[in-house]
1. Hey, Pro20 hits all of (1) free of Cβ contacts under 8 Å to residues at least 24 places away in the same chain; (2) surrounded by 19 or more Cβ atoms within 10 Å (Cβ to Cβ); (3) not hydrophobic (A, V, I, L, M, F, W, C) but one; which does it fall short on?
2. May I ask you to verify whether Asp110 is within 25 Å of Asn58 (Cα to Cα) and surrounded by fewer than 19 Cβ atoms within 10 Å (Cβ to Cβ)?
3. Restricting to the stretch 309-339, name every residue that is in a loop (DSSP other than H, G, I, E, B) and touching a strand residue (DSSP E or B) at 6+ places or on another chain (Cβ under 9 Å).
4. Of all residues in the stretch 317-333 being of a type in the set (A, V, I, L, M) and buried (at least 21 other Cβ atoms within 10 Å of the Cβ), which is nearest to Pro295 (Cα to Cα)?
5. For the stretch 1-17, which positions are buried (at least 16 other Cβ atoms within 10 Å of the Cβ) and more than 11 Å from Arg325 (Cα to Cα)?
6. Among the residues of the stretch 1-42, which ones are more than 21 Å from the chain's Cα centre (by Cα) and in a helix (DSSP H, G or I)?
7. I'd like to know if the stretch 154-167 contains one or more residues that are of a type in the set (Val, Ile, Thr), touching a residue at least 12 places away in the same chain (Cβ under 8 Å) and either surrounded by fewer than 19 Cβ atoms within 10 Å (Cβ to Cβ) or in contact with a helix residue (DSSP H, G or I) (Cβ under 7 Å, 6 or more places away or on another chain) (or both).
Amino acid sequence: MYSLSDFDFDLPPELIAQTPLAKRSASRLLEVDGPRLVDRQFTEVVDLLSPGDLLVFNDTRVLKARFFGAKQSGGKVEVLIERILDNRTAHAQVRASKSPQPGSSIRLADAFDVTVGERAGEFYTLSFPSDVFELIEAHGRLPLPPYIEHAADEFDEERYQTVYAKEPGAVAAPTAGLHFDDELLARLRAKGVNMAFVTLHVGAGTFQPVRSENLAEHQMHSEWYTIPQETVEAVRATQAAGRNVVAVGTTSMRALESASQSGKLEAGSNDTRLFITPGYTFKTVTRLVTNFHLPKSTLLMLVSAFAGYEEIRAAYAHAIAQKYRFFSYGDAMLLKLKR
């Protein structure tokens, strides 16, 4: 049985990628096939996939979900939208010197007022005066991860979205997808690699640390996902042909595995709190493209469950020694399911 400290490692701060590379697909790729580690360029993913394999992408789009504002008292407030509930309502993290009271209002971006509703766990319910999506797009700021030390600029607004981002609702990017550009996608299609999409709106909880040494005590954050029927059919056809279902990112993985808890993949939409740790039996995915994750994170536990605990420890030690770039704007791995 693993505990939290088993997923800790020392990372030199200079290996945390603060900016994206000029070209999306110029990043490095560490191939992890059991104990075998091969240093590659990301474009070599074309050579590592076969005709008939299926890449499953998360087409969520990152919202400009961060706001700065003020309470009626004048106190400064920082708001991070967590989930949009309907056209006028959202759950949000609110940082202020004193917690805002239900019924009070907050002025956001010096442009409009929201009304504070009841607490929903660690989040506040906020009511907006008009369409949430329009107000966020017009007045919000892109919420870069907490370990990126600069404020988002126009380059980030382009590069912290995947080229296929479509469905607005995430507050963090599905970062494995950031390595794919249109040219690389065209090369994959030309080889006969198939593509399908799911939507999982990544929440701010993805950055929350696990605080309990006993992993069984951790409360996983909730995220909303949708699996289209055409994706289900593509997965089943791939499996029937004996080819690989390749999740692009841990978010695609969680969506597919969450929708497979009955034993077979099912179309539909739902919340997921699926917490994947070593010992989990994977039902759908056989390959995973993923970035390097934070120490003690649920994502590091997921990839350890997928590729093997010792294999991931060795891969991370190798990546640090070879000065790979880590986290959202960093390099990637291609993992094989350890059976």
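1. (1)
2. no
3. Gln322, Tyr324, Arg325, Phe327, Ser328, Tyr329, Gly330, Asp331, Leu337 - these are the residues of the stretch 309-339 that are in a loop (DSSP other than H, G, I, E, B) and touching a strand residue (DSSP E or B) at 6+ places or on another chain (Cβ under 9 Å).
4. The qualifying residue nearest to Pro295 (Cα to Cα) is Ala319.
5. Those that are buried (at least 16 other Cβ atoms within 10 Å of the Cβ) and more than 11 Å from Arg325 (Cα to Cα): Leu4, Asp6, Phe7.
6. Ser5, Asp6, Pro13, Glu14
7. Taking every residue of the stretch 154-167 in turn, at least one turns out to be of a type in the set (Val, Ile, Thr), touching a residue at least 12 places away in the same chain (Cβ under 8 Å) and either surrounded by fewer than 19 Cβ atoms within 10 Å (Cβ to Cβ) or in contact with a helix residue (DSSP H, G or I) (Cβ under 7 Å, 6 or more places away or on another chain) (or both).
Conditions tested, residue by residue: (1) outside any strand (DSSP E or B); (2) surrounded by 19 or more Cβ atoms within 10 Å (Cβ to Cβ).
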position: Phe67; (1), (2): no, yes
position: Gly74; (1), (2): yes, no
position: Arg95; (1), (2): no, no
position: Pro100; (1), (2): yes, yes
position: Val114; (1), (2): no, yes
position: Gly117; (1), (2): no, no
position: Thr125; (1), (2): no, no
position: Ser130; (1), (2): yes, no
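The values are calculated or read from the model by the stated rules, or taken from the named source; none is laboratory data. None of these values were measured; they are calculated from a predicted model. Note: ideal-geometry Cβ built from the backbone for every residue, glycine included; neighbour counts use all protein chains shown.
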